[in-house]
Amino acid sequence: MTRLNPGWQSPQFDDSQWAKLTASFGPSFWKLGPLPDQADTAALEAQLAQLRQIDPAVPVEVGGKPYRWQPYSFSWRYGLENDPGHQGYHGLKGEVHDEFIGLGKLRTSGAGTSYEREEAGSRYYLWTSVVSGSNTPASAVAGGLKPAAAWLNHSRLAKAASKVQLSPGVNPLLLRYDSPGRSYFVVQAGEAGADTAEQVETFSPAAAWIWTAGDDRGVADRCFRKVFGVERLPVRSTRRITCDNGDTVFINGQQTGRGSRWETVQEYDVTKRLQTGANVIAVLARNEGADAGLIAEIATSAGQSLVGTESSWQFADQEQPGWRNADFDASRWARAWQVSGFEDSLWAKHQNGPPRIDTPAPTEPTTQAGSLAMRWHNQPNRLPMDTRPQDARPAGWSRFVSPPGLRGVTIIAHGRVQVWADGKLLTLTANQPHTDGAVECKATVTQPAAAPVVIALRIEQARGTYAGAALPEPIALDCGAGETRLGDWTQQGVLECYSGGAWYRKTVPLTAEQTRGRVTLDLGNLSSSVEVRVNGHPAGIRVAPPWKCDLTALVKPGDYRVEVLVLSALGGHYTTIPTRYPGSRVSGLLGPVTLACSAATQNK
């Protein structure tokens, strides 16, 4: 929430009208549209290009119809919340699209997604402001669907990817898109490299499109590799690659980028990745159906090709231990099939044009191999986008219900944090800032309550880190013993995001008459597996219904402590990561629970 309501820290406050907050996701643009394709927007653009801030309460009139600005949110780490990247047919593939702008109607087809024209039209405007600390040159980097027009500091840019000059403070940015699709637009401090128009040759004749013979039109993941020698390290070397439909690249065992669109050729400086003697480039390539092809090349700044894809490359159908290293024994791997050269390929002759070189980043992505993030995540030269430049001290408020027995809270945030538990202000201790500027804060609840409590947060946000973007990591909660009710725990506050185990414990008195016959514990229903103990002794493990355990051999007259450990599936955890395969999210002991004896039945 971005506007303060009286009494918002109180447990009795009605927050039903507040929007849901997701960690790391926040608004970086204001979006207007879709607008009708035939609308005359010349006068509108002259007005929008002069804006220094957006008031969402003031509508914009187009063709006599009012349109309102809507916040456009994404995560610099996870990209689009409902379209993070290639999912495959069996779940996550460990990558996120670099395109964080998705315009149009989202369509899901098998493992892929696309954007289609909306009924209302296909023209969109995105507004934000770029925050700069000084009067400095910068680079506007666009990829995927390029904007039809762009304005920075009220002046129209000559082209979507170009060198720009920033002023200290607020630099208004307006983008116009005339069709649906995926895109990114990033402003980086310093030089981003040569403009795409100045690139003469995408690939030299040493590089060709390759794949594996026989499955060039099917859905497949394939591993390609090539060992090559370097006698003398070049002053500078770059790696270019594109694949239909995506790739992850490793040089001498270290990840050096990835791509998810064949229309874009990714380029990175890989000088520091090379070594004298034997080197290896390994590519985990993916095709989602129809035509398949991979083309890649490493070349020096002088134009010398060190290695390019051709028929001597080797491939396998799946990853094998050590395959990314130069000393791996690939003698049993097959040779690749050379599809065609770059210029005479079906990709180069596509009706939308050939694959184009993405404006290269000055350095390799800072994201470590194996991490799940866009290439823009934690890029030190990426400048913040601020949708609220008019706010002198931007702040945000949020609330959630904790699990039972809350003992402590750990929050990593971009900005100053205050925390209340059931209306009582907690004392925070702050640690050293993280490399991305966020600060870790911890609070201890001195008198933990058995029942869940309402946690209220106020964050004085750093510029451009609004809503969930102020929280780059999920909030961690330390919980001890408490009291809860039977039922789906994903319907009980932030336990919606929890996957793991929970103990349910109760002491039950049994008489001599009740223990005279068979004693059976019936748990009713639960999700998704359970372990039962009686006075600390194992009574049974169940992974499927019926959820019953025979306790006859473990009980005699007296008091018995019945303990039930329920382990959930991963549905709750899947709400915290980018995936389109959440599965069932029902978790916990659903009940009803009964302890049945041959002589009597005692309800729990």
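The values are calculated or read from the model by the stated rules, or taken from the named source; none is laboratory data. Computed from a prediction, not measured in an experiment: that's the story for all the values here. Glycine gets a Cβ as well: all are built from the backbone with ideal geometry, and neighbour counts include every protein chain shown.
Descriptive notes on the structure:
- Residues that are among the acidic types (Asp, Glu) and under 13 Å from Tyr125 (Cα atoms) were ranked within the range 1-59; the one that is surrounded by the fewest Cβ atoms within 10 Å (Cβ to Cβ) is Asp37.
- Test set (1) farther than 27 Å from Ser345 by Cα; (2) of a type outside the set (Gly, Ala, Ser); (3) buried (at least 21 other Cβ atoms within 10 Å of the Cβ) - Thr256 fails condition number: (1)
- Only one of Ala278, Ala220 that is in a strand (DSSP E or B), among the hydrophobic types (A, V, I, L, M, F, W, C) and either free of Cβ contacts under 8 Å to residues at least 12 places away in the same chain or farther than 26 Å from Ala292 by Cα (or both): Ala278
- Residue ID - nearest to Tyr574 (Cα to Cα), chosen from residues in the range 539-556 that are outside any strand (DSSP E or B) and touching a strand residue (DSSP E or B) at 6+ places or on another chain (Cβ under 6 Å): Val543
- Residue count for the range 326-353, restricted to those that are buried (at least 19 other Cβ atoms within 10 Å of the Cβ) and not in a loop (DSSP other than H, G, I, E, B): 1
- In the range 281-325, the qualifying residues are those that are among the polar types (S, T, N, Q) and not in a loop (DSSP other than H, G, I, E, B), and the one that is surrounded by the fewest Cβ atoms within 10 Å (Cβ to Cβ) is Ser305.
- Subset of the range 413-432 (residues that are part of a loop (DSSP other than H, G, I, E, B) and on the phi > 0 side of the Ramachandran plot): Asp422, Gly423
- Residue in the range 438-452 that is touching a Gly at 6+ places or on another chain (Cβ under 7 Å), on the phi < 0 side of the Ramachandran plot and in the same structural domain as Pro578 (by TED's automatic domain parsing) present: no
- The range 433-450 - residue that is part of a strand (DSSP E or B) and under 29 Å from the mean Cα position of the chain (by Cα) and, of those, farthest from Cys479 (Cα to Cα): Pro433
- When residues of the range 414-433 are limited to those that are under 21 Å from Tyr466 (Cβ atoms) and either touching a Pro at 6+ places or on another chain (Cβ under 8 Å) or polar (S, T, N, Q) (or both), the one surrounded by the fewest Cβ atoms within 10 Å (Cβ to Cβ): Gln418
- A single entry from Pro66, Pro34 fulfils the requirement of being in contact with an Asp or Glu (Cβ under 8 Å, 6 or more places away or on another chain) and not assigned by TED's automatic domain parsing to the domain that holds Ile459: Pro34.
- Single unsatisfied condition, Val265 versus (1) surrounded by 22 or more Cβ atoms within 10 Å (Cβ to Cβ); (2) out of contact with any strand residue (DSSP E or B) (no Cβ under 9 Å at 6 or more places or on another chain): (2)
- Scanning the range 134-150 for residues that are surrounded by fewer than 21 Cβ atoms within 10 Å (Cβ to Cβ) and either at pLDDT 90 or above or under 25 Å from the mean Cα position of the chain (by Cα) (or both) yields Gly144, Lys146, Ala148, Ala149.
- Test set (1) under 25 Å from Ala213 (Cα atoms); (2) under 27 Å from the mean Cα position of the chain (by Cα) - Ala330 fails condition number: (2)
- Of the strands (runs of 3 or more DSSP E) lying entirely inside the range 451-538, those containing at least 1 residues that are out of contact with any Ser or Thr (no Cβ under 9 Å at 6 or more places or on another chain) are 454-461, 501-510, 529-534.
- The number of residues in the range 512-530 being in contact with a strand residue (DSSP E or B) (Cβ under 6 Å, 6 or more places away or on another chain), of a type outside the set (A, V, I, L, M, F, W, C) and crowded, with 18+ Cβ neighbours inside 10 Å comes to 1.
- Qualifying residue in the range 396-408 (condition: modelled with pLDDT under 95 and crowded, with 21+ Cβ neighbours inside 10 Å): yes
- Taking the criterion of being surrounded by fewer than 17 Cβ atoms within 10 Å (Cβ to Cβ), over 21 Å from the mean Cα position of the chain (by Cα) and at positive phi, the only residue of the range 543-592 that qualifies is Gly558.
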